[in-house]
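Read the structure below first, then the notes.
The values are calculated or read from the model by the stated rules, or taken from the named source; none is laboratory data. This structure is a prediction, so every number in the text was calculated from the model and none was measured. Positions of Cβ are generated from backbone atoms using ideal geometry, with glycine treated the same way; all protein chains shown enter the neighbour counts. Side chains are part of the model used for accessible areas, which takes the heavy atoms of the whole protein and leaves out ligands, DNA and RNA. Shrake-Rupley method; radii C 1.70, N 1.55, O 1.52, S 1.80 Å.
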Amino acid sequence: MVEQLTEKLVKALPSPTKGNRLIYDEAVKGFAVRITAAGAKSFVVNYYIHGRERRYTIGSHPDWSVAQAREEAKFIKKQVDQGSDPLGKRVEDREAKTVGDLFKEYQEKHLPT
């Protein structure tokens, strides 16, 4: 389903009976609002990189307004156009070692000697 996303439309969206539903924006290709059966609403942007479809969650509504989320979707799409994978970067950052991990590794490898 494709419509012009507005605050009024997003607030009035009914929850699906099960699962979730995406309503895409007319203005920005790939930008959508996702609504779950529990009534949670969040903004997402779909994009393709290296032949693979990715879905990046921008944030939840009403923490993000439609206008803010649309601008963020445009920014993410610019990054993709430049060859970057924003979702891949987010996953890498999440899986990166913490200072605690590095200290534990240091203790195990270097302190005993």
_Glu3-Glu95 pseudo-label distance in nm [points 7 Å out on the Cα-to-Cβ vector]_ = 3.8 nm
*Under a 1.4 angstrom probe, counting protein chains only, how are Tyr47, Tyr106 ranked by accessible area, largest first?*
Tyr106, Tyr47
*Size of the chain as Cα extents on the principal axes (Å, biggest first)*: 65, 34, 24
*What percent do you get for the relative contact order of the chain when only Cα pairs under 8 Å and 6+ apart count?*
16 percent
*Approximate spin-label separation Lys29-Arg55, in nm, with each point projected 7 Å along Cα-to-Cβ*: 2.0 nm
*asked:* Restricting to bridges with both residues inside the chain, how much of the DSSP beta-bridge set is antiparallel, in percent to the nearest 5?
replied: 90 percent
_Proximal lysines to Lys18, defined as alpha-carbon separation beneath 24 angstrom and excluding residues fewer than eight positions away on the same chain_ = Lys8, Lys41
*Provide, in order from the shortest bin, the percent of all Cα-Cα pairs of the stretch 69-113 in each 10 Å bin, continuing until the bin that contains the maximum pair distance.*
24, 28, 19, 17, 11, 1
*Per residue accessible area of the chain, 1.4 Å probe, in Å²*: 68 Å²
*Could you sort Asp81, Asp25, Asp101 by accessible area so the largest value comes first, with the probe set to 1.4 Å?*
Asp81, Asp101, Asp25
_In whole percent, and with a 1.4 Å probe on the protein chains, what portion of the accessible area of the chain is carbon and sulfur?_
52 percent
*From the Cα gyration tensor of the stretch 1-53, with a ≥ b ≥ c the square roots of its eigenvalues, which class applies: rounded if a/c is under 1.5, or else prolate if a/b is larger than b/c, or else oblate?*
oblate
*Would you list, by chain and number, the lysines whose Cα falls below 18 Å from the Cα of Lys77, excluding same-chain residues fewer than 8 positions away?*
Lys29, Lys89
*Just report the Cα centroid separation between the stretch 77-96 and the stretch 12-31, whole Å.*
23 Å
